[in-house]
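Contents: one structure, followed by commentary.
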Amino acid sequence: MTSGPCTVTEGGACFRTPNYPDDYGSNQDCEIAVSGAGFVRATAFDTEHKWDYVTIGGIKYDGDGGALASGFGVLVGDGTTVAWNADDSNQRSGA
């Protein structure tokens, strides 16, 4: 299940912000529900700190992605929501 302008590629294994690798747009929101369990990890992550972020299971990841962009990533279960939110200024490449 996907809503908004984000894309899901590679058989559902890759979630991308709009326009990636180019800058995402202003005031964008997307959401997907994870099917299955495992780890979500960002292979690239660049958002405006505090204002543009990915939320996974209620936890926000912004800036360089922190735990989402390092190590194994973030553990998710079946049905976990992954959401993208961008405000109206300072767009970057996203995730």
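Every number here is computed from the coordinates shown, using simple stated rules; none is lab data. Everything quoted here is computed from the prediction, not taken from an experiment. Here Cβ is always computed from backbone atoms with ideal geometry, including for glycine, and neighbour counts include all displayed protein chains.
Direction-averaged projected area, Cα convex hull, the chain: 5.2 nm², rounded to one decimal. In the chain, taking the dipole from charged Cβ atoms about the Cα centre, the farthest positive-side position among Thr9, Gln91, Val34 is held by Val34.
For Thr80, nonlocal amide neighbours, meaning residues 5 or more places apart or on other chains whose placed amide H falls under 5 Å from its own, are Val34. Each residue of the range 50-65 was assigned a 3J(HN,Hα) from its phi angle through the Karplus curve 6.51 cos²θ - 1.76 cosθ + 1.60 (θ = phi - 60°); the sequence is 6, 10, 10, 7, 9, 10, 10, x, x, 9, 8, 10, 9, x, 9, x Hz, with glycine and proline shown as x.
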